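Colleague: Once you've had a glance at the structure underneath, I'll fire off some questions.
The values are calculated or read from the model by the stated rules, or taken from the named source; none is laboratory data. What you see is a predicted model, and the numbers here were worked out from it, not measured in a lab. Every residue, glycine among them, receives a Cβ derived from its backbone with ideal geometry; neighbour counts consider all protein chains shown.
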């Protein structure tokens, strides 16, 4: 994506920019913050699309930030877009929101310990995240909703659907390994050896680890990205709440077994990248078998874990077909649709 840098909205103090840099775009970009500028660009995109940034106090030391409609229309259905591990909610849904705002009241929250959301509570389960989301949706008047959950966001969304079945109408789970088991790590299903290595990759603190995350997330990862841009991204997006995020990852795997996973009853679409190296496609098959005829699995070829970015057009096409056009749920639990780009 190409965008302009607007010095007024970057994190650095413009008055301190050396005069020699003002005529040098490369030096100016380094001096400011590429990541902060892109974050501002996404913020502008969300505001222009009709959303506003709201921070809500849920009580008991829990604060959640969410992009909500500037004008809430009761005649519209509600759509909750839940992000996964990464920068923040804006970065993962910037290409999608304008497709859905005409049809839905769209809500895009930052989960706890991402963006501007946090809690002083010690619980780190996706069930707790889901309960906080439910409180947030109550505050904003969303009594019924459908959701899209990407990766970790799907874990939270799945829990939302099991805890509040009367609220959730449809579910979209994108590359969401809710059917993983604790033994999978030991049996070599994942590229990483253990949770420590997973944490170092999912929350990169060095350019090398960020490059490794990109290699695992994309079929064709970006090449030639200089260290200073990667370091800037890490400094802006990956330093805060490191320990808390590590605990979130640990809770995902702890004592997890498919047999103990409740089955959600809402119509469900599962979307997966054929070459996902974070949550391998086998977990998509497991989830489809677990939910049976209640779910349909869409496999996108030449896509990895970050298919919402790598194959954004196909991703949005599938979301629109399921959420807007009311595509029928597959009756045969073995039915799997493959999509080429």
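Colleague: Within the stretch 188-217, which residues are assigned to a loop (DSSP other than H, G, I, E, B) and under 23 Å from residue 115 (Cα atoms)?
Modeller: Step one: filter the stretch 188-217 for residues assigned to a loop (DSSP other than H, G, I, E, B), giving 188-194, 203-206.
The answer is 203, 204, 205, 206.
Colleague: Any residue at all in the stretch 107-119 that's surrounded by fewer than 16 Cβ atoms within 10 Å (Cβ to Cβ) and without any contact (Cβ under 8 Å) to a residue 40 or more places away in the chain?
Modeller: no
Colleague: Among the residues of the stretch 218-232, which ones are buried (at least 19 other Cβ atoms within 10 Å of the Cβ) and in a helix (DSSP H, G or I)?
Modeller: 230, 232
Colleague: Would you mind finding the one in 303, 330 that is part of a loop (DSSP other than H, G, I, E, B), modelled with pLDDT under 95 and crowded, with 17+ Cβ neighbours inside 10 Å?
Modeller: Values: 303 fails: modelled with pLDDT under 95.
None of the others qualify; the one that does is 330.
Colleague: May I pose another question? Within the stretch 66-88, can you find the residues that are more than 17 Å from the chain's Cα centre (by Cα) and either over 15 Å from residue 133 (Cβ atoms) or surrounded by fewer than 20 Cβ atoms within 10 Å (Cβ to Cβ) (or both)? Please lay out each step first, then the result.
Modeller: Looking only at the stretch 66-88, we keep the residues that are more than 17 Å from the chain's Cα centre (by Cα), and these are 69-78.
Once the filter is applied, which keeps residues that are more than 17 Å from the chain's Cα centre (by Cα) and either over 15 Å from residue 133 (Cβ atoms) or surrounded by fewer than 20 Cβ atoms within 10 Å (Cβ to Cβ) (or both), the stretch 66-88 yields 69, 70, 71, 72, 73, 74, 75, 76, 77.
Colleague: Out of all the residues in the stretch 253-283, which are part of a loop (DSSP other than H, G, I, E, B) and surrounded by 15 or more Cβ atoms within 10 Å (Cβ to Cβ)? Step through it out loud before you land on a result.
Modeller: So the first thing to find is which residues in the stretch 253-283 are part of a loop (DSSP other than H, G, I, E, B), and the list is 254-257, 261-267, 274-280.
Result: 256, 261, 264, 266, 267, 274, 275, 276, 277, 278, 279, 280.
Colleague: Run down 250, 314 and say which single residue is assigned to a helix (DSSP H, G or I) and at pLDDT 95 or above.
Modeller: Values: 250 fails: at pLDDT 95 or above.
Just a single option satisfies the conditions, and that option is 314.
Rundown of residues vs (1) surrounded by fewer than 20 Cβ atoms within 10 Å (Cβ to Cβ); (2) closer than 24 Å to residue 174 by Cβ, yes/no style:
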position: 64; (1), (2): no, yes
position: 90; (1), (2): no, yes
position: 94; (1), (2): no, yes
position: 121; (1), (2): yes, no
position: 131; (1), (2): yes, yes
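Colleague: With the structure loaded, tell me whether residue 244 is in contact (Cβ under 8 Å) with a residue 24 or more places away in the chain, over 24 Å from residue 307 (Cβ atoms) and within 19 Å of the chain's Cα centre (by Cα) or whether it fails that test.
Modeller: Working: in contact (Cβ under 8 Å) with a residue 24 or more places away in the chain: yes; over 24 Å from residue 307 (Cβ atoms): yes; within 19 Å of the chain's Cα centre (by Cα): yes.
It is true that residue 244 is in contact (Cβ under 8 Å) with a residue 24 or more places away in the chain, over 24 Å from residue 307 (Cβ atoms) and within 19 Å of the chain's Cα centre (by Cα).
Colleague: If residue 287 meets every condition in (1) free of Cβ contacts under 8 Å to residues at least 60 places away in the same chain; (2) part of a helix (DSSP H, G or I); (3) under 22 Å from residue 191 (Cα atoms) apart from one, which number is that one?
Modeller: With respect to (1) free of Cβ contacts under 8 Å to residues at least 60 places away in the same chain; (2) part of a helix (DSSP H, G or I); (3) under 22 Å from residue 191 (Cα atoms), residue 287 is out only on (1).
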